[in-house]
Amino acid sequence: MYGKGGRLRDLDNSDINNSKSNAVRDTLIISEKCEITVNQKIKDTEGTYILRLKNRFIASNYGPGQFVMIKINNGDNGFDPLLSRPFSIFNKFNENEFEVLYRVCGRGTGILSKIPKGNFLNVVGPLGNGFDFNTDSEKNKIHVLIAGGIGIAPLYPIPGHILNNYRFDEIKADGGLNNEYNNNKNGKNKKDKIVLYYGARKAEELYFRYSIHSRFDEVYFATDDGSFGFKGSAVELLFQNIGEYLGEDKAEDFNVSFYACGPKPMLSALADKFGEAKLLEKLQLSLEESFGCGIGVCLGCAVKCKDAGGDGSNFAYKRACQDGPVFHAGQLYGFTGSKDVLQTAFREKNHGQNLNENQSIDLSVKLGNLKLDYPVMPASGTFGYGEEFINVVDYTYFGALVTKGISLNPSKGNEMPRICESSCGLINSIGLQNVGFERFRDEKLSFLRHFSKPVIVNFFGKSVEEYVLLAEKLSGLQGISALEANISCPNIKEGGRSFGSDPEIVYELVSSVKEVMGGKLPLIVKLPPMVSDISLIAEICEKAGADIISLINTIPSASIDIKTKSFKLSRGFGGLSGPAVKPVALKLVNDVYNSVRIPVIGMGGISSWEDAAEFFLAGATAVAVGTYSFINPKIIPQIVEGLKGYLADNGFNDIYAIIGLANKNK
């Protein structure tokens, strides 16, 4: 198969045309820019597209089941998304063009769907090992294909490959096919039979459902909701008919093989069935894994396979991109469906049965004795004093209103420039500019009192004494629901070292602040990310009396202008926020969740409800959104609505059902 043991090099079409050596061609993987000739949505589908690319070598040399890696370009930002994406090669349009079938399911494919024809994409391929058809057998063969939704992509070219007919069908804008393949279908030398079982959640996800019959001898459809064909799964339907392919009258005359691609729960269920029937050696599965490089270098797509040197009780890792993505089911170690996977699939399919249709999703949470109707709030420093956003977004779905950091005395902040962009992030060096306690009390707090929302006031000081004095003043004001102590600030007495990095000072600061507050309000402590052991710092905060932990604050960072040969920010360094910090934030939130018993507010890089859901799954009881509110001021209500849908789709009644759930599913 092309890709196995291959040499990666840049080619142009003249290299391909002038190459006389089959040995060289059989080992080549090309890496070059390919022109988009078509990128169009398929009619009657929900966000599914055909992408046609011009490349003679890939079009002429791929095998069914192989794939390409495509670098998706987002304008001038080559790092968003950072990695190339794998796509199964779906069809050969002509000698110079091939096609991939993709569904918009994330940021990368969303960007891809908007790139018009005439643009160029960096493509590497053909990659991986495809399906094994054992065409040397003298027996007639039955080829049974089982596809789930977009899993039709690597299976679609199989009939043309088996017939050695590389002029595949033109896919029309209406989702139909031309008749050239159908006219050539009867040119087979052997009486091979090609059967397709095609399943999906609903009719709209059965691509080419009205025209795909022309490629196969038999086609059977199944949908979970019964909107097209059999009501149920393609696996259920296949095993109702399994005797047609494996009966005693077929065994002598036919060599039967099964090929499948689809969602992992479907493949697990299929492997279970074949395992029970002791037929795993007849089943090949095309697996979907996360590929970093696509050529076997990064080792990010490991698949557990039975150790060939043993009795099958041990496993060895193989690479899905290089050794696969197609594997014989009998090779795979522990692949048959686990309870968790199958229960998740069942829950996704039957979530409506778990909820009363009139019952609303409960998103309320408690932070100490503070109750929030919604678990999403702005992050301190990105919401001002509430006045700035009032004409832009409705505060109804805000769990709380969180102020900019307040100090005892006013602060003018740092000199300009104060902000600069970085890859997927923002570096700021505002310098904690604020109006100070007195102006906040006299001019700002009254506005925040107008809303029926908890008001959380973030505060900081230059010394422990300043923290204590300010906490005492703030806790005596009406209209404040909780205080958030920012302990990431430099401790002037200790040479500028962050308060939050010294365990002894953390205990002194938090316990002193808690004591002076007199139990009037909950105390939130906001942790810095750059400490040697964040779990230890969180535990000390809890012992010192903190009611809630919030994290992460921004990450120390810098950026340099190579033209001026100087730092972009006036102070040289600042704090990094935005999507770039999310993986770090998730890890630290999870660490703290597993270290303390008090609630955690998670933040850092949240830009969607999906991001927020990750923080809840990691252990956050509530989340805060910062930098992304500059881009989309309405992001908080959008996250709230998205979370409601996510909980309903997964059969959960309230947000507590998913808090920390990822830890239970390790």
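The values are calculated or read from the model by the stated rules, or taken from the named source; none is laboratory data. Just so it is clear, the model here is predicted, and its values are computed rather than measured. Counting neighbours? That spans all protein chains shown, and the Cβs are built from the backbone with ideal geometry, glycine included.
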Test SER532 against the stated conditions and say whether it is touching a helix residue (DSSP H, G or I) at 6+ places or on another chain (Cβ under 8 Å), hydroxyl-bearing (Ser, Thr, Tyr) and surrounded by fewer than 16 Cβ atoms within 10 Å (Cβ to Cβ). yes
Can we say LYS568 is outside the structural domain of ALA624 (by TED's automatic domain parsing), at pLDDT below 95, within 22 Å of ASN414 (Cα to Cα) and surrounded by fewer than 23 Cβ atoms within 10 Å (Cβ to Cβ)? yes
Anything in the stretch 571-586 that is on the phi < 0 side of the Ramachandran plot and over 16 Å from the mean Cα position of the chain (by Cα)? List them, or say none. ARG571, PHE573, GLY574, GLY575, LEU576, SER577
I'd like to know if the stretch 411-420 contains one or more residues that are in contact with a Leu (Cβ under 8 Å, 6 or more places away or on another chain) and among the hydroxyl-bearing types (Ser, Thr, Tyr). yes
Tell me the residue from GLY519, GLY500 that is in the same structural domain as GLU466 (by TED's automatic domain parsing) and free of Cβ contacts under 8 Å to residues at least 12 places away in the same chain, please. GLY519
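Hey, among the residues in the stretch 539-569 that are of a type in the set (S, T, N, Q) and assigned to a loop (DSSP other than H, G, I, E, B), which one's farthest from the chain's Cα centre (by Cα)? Can you show your working first?
If we filter the stretch 539-569 for residues that are of a type in the set (S, T, N, Q), which is where we start, we get 550, 553-554, 557, 559, 564, 566.
Retained after the next criterion (residues that are assigned to a loop (DSSP other than H, G, I, E, B)): 553-554, 559, 564.
Working: ASN553: 23, THR554: 23, SER559: 28, THR564: 38 Å.
Looking at the filtered set, the residue picked out is THR564.
Filter the stretch 470-483 for residues that are more than 17 Å from GLY519 (Cβ to Cβ) and in a loop (DSSP other than H, G, I, E, B) and give the result. Step through it out loud before you land on a result.
First, the residues of the stretch 470-483 that are more than 17 Å from GLY519 (Cβ to Cβ): 470, 479.
Hit for the stretch 470-483 is GLY479, nothing else.
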Of the residues in the stretch 535-565, how many are buried (at least 17 other Cβ atoms within 10 Å of the Cβ) and over 30 Å from GLU472 (Cβ atoms)? 3
Give the residue, chosen from PHE93, PHE98, that is buried (at least 16 other Cβ atoms within 10 Å of the Cβ) and within 25 Å of LEU287 (Cβ to Cβ). PHE98
Looking at (1) free of Cβ contacts under 8 Å to residues at least 60 places away in the same chain; (2) not in a helix (DSSP H, G or I), which one does TYR467 not meet, given that it meets all the others? (2)
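Just to verify a result, which residue in the stretch 381-403, among those that are part of a loop (DSSP other than H, G, I, E, B) and at pLDDT 95 or above, is farthest from LYS520 (Cα to Cα)? Talk me through it step by step, then tell me what you get.
So the first thing to find is which residues in the stretch 381-403 are part of a loop (DSSP other than H, G, I, E, B), and the list is 381-394, 398-400, 403.
If we keep only those that are at pLDDT 95 or above too, we end up with 398-400, 403.
Details: PHE398: 23, GLY399: 20, ALA400: 18, THR403: 19 Å.
Filtering the stretch 381-403 for residues that are part of a loop (DSSP other than H, G, I, E, B) and at pLDDT 95 or above, the one farthest from LYS520 (Cα to Cα) comes out as PHE398.
Hey, can you tell me all the residues within the stretch 389-398 that are surrounded by 17 or more Cβ atoms within 10 Å (Cβ to Cβ) and touching a residue at least 60 places away in the same chain (Cβ under 8 Å)?
Narrowing the stretch 389-398 to residues surrounded by 17 or more Cβ atoms within 10 Å (Cβ to Cβ): 389, 393, 395, 397-398.
Answer for the stretch 389-398, where residues must be surrounded by 17 or more Cβ atoms within 10 Å (Cβ to Cβ) and touching a residue at least 60 places away in the same chain (Cβ under 8 Å): PHE389, VAL393, TYR397, PHE398.
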Considering only residues that are over 17 Å from HIS328 (Cα atoms) and among the β-branched types (Val, Ile, Thr), look in the stretch 285-312 and name the one that is modelled with the lowest pLDDT. VAL297
If you take the residues of the stretch 280-291 that are buried (at least 17 other Cβ atoms within 10 Å of the Cβ) and over 29 Å from LEU82 (Cβ atoms), which of them is nearest to the chain's Cα centre (by Cα)? GLN284
If I filter the stretch 50-86 down to residues being crowded, with 20+ Cβ neighbours inside 10 Å and of a type in the set (Ser, Thr, Tyr), which single residue comes out as nearest to VAL104 (Cα to Cα)? SER84
Hey, among ALA618, ALA648, which residue is among the aliphatic types (A, V, I, L, M), touching a residue at least 24 places away in the same chain (Cβ under 8 Å) and surrounded by fewer than 23 Cβ atoms within 10 Å (Cβ to Cβ)? ALA648
Mind listing whichever residues of the stretch 379-424 are over 30 Å from the mean Cα position of the chain (by Cα) and at positive phi? GLY384, GLY386, GLY413
Go through the stretch 60-83 and give me each residue that's within 21 Å of PRO116 (Cβ to Cβ) and touching a Phe, Trp or Tyr at 6+ places or on another chain (Cβ under 8 Å). VAL68, ILE70
List the pairs whose first member sits in the stretch 313-336 and is farther than 14 Å from GLN66 by Cβ, whose second member is in a strand (DSSP E or B) and of a type in the set (Gly, Ala, Ser), and whose Cβ atoms are under 6 Å apart, counting only residues at least 6 apart or on separate chains? TYR317/ALA302
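Any residue at all in the stretch 320-328 that is modelled with pLDDT under 75, within 29 Å of GLY63 (Cα to Cα) and of a type in the set (Phe, Trp, Tyr)?
Step one: of the stretch 320-328, the residues modelled with pLDDT under 75 are none.
Looking through the stretch 320-328, none of the residues is modelled with pLDDT under 75, within 29 Å of GLY63 (Cα to Cα) and of a type in the set (Phe, Trp, Tyr).
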In the stretch 44-92, which residue that is polar (S, T, N, Q), touching an Asp or Glu at 6+ places or on another chain (Cβ under 9 Å) and outside any strand (DSSP E or B) is nearest to LEU127 (Cα to Cα)? ASN61
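Can you tell which of ILE146, ILE142 is buried (at least 17 other Cβ atoms within 10 Å of the Cβ), within 30 Å of GLN240 (Cα to Cα) and out of contact with any Lys or Arg (no Cβ under 7 Å at 6 or more places or on another chain)? Even if it seems obvious, please write down each step before you answer.
Details: ILE142 fails: out of contact with any Lys or Arg (no Cβ under 7 Å at 6 or more places or on another chain).
Exactly one of ILE146, ILE142 is buried (at least 17 other Cβ atoms within 10 Å of the Cβ), within 30 Å of GLN240 (Cα to Cα) and out of contact with any Lys or Arg (no Cβ under 7 Å at 6 or more places or on another chain), namely ILE146.
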State whether one or more residues within the stretch 399-415 are surrounded by fewer than 20 Cβ atoms within 10 Å (Cβ to Cβ) and among the basic types (Lys, Arg). yes
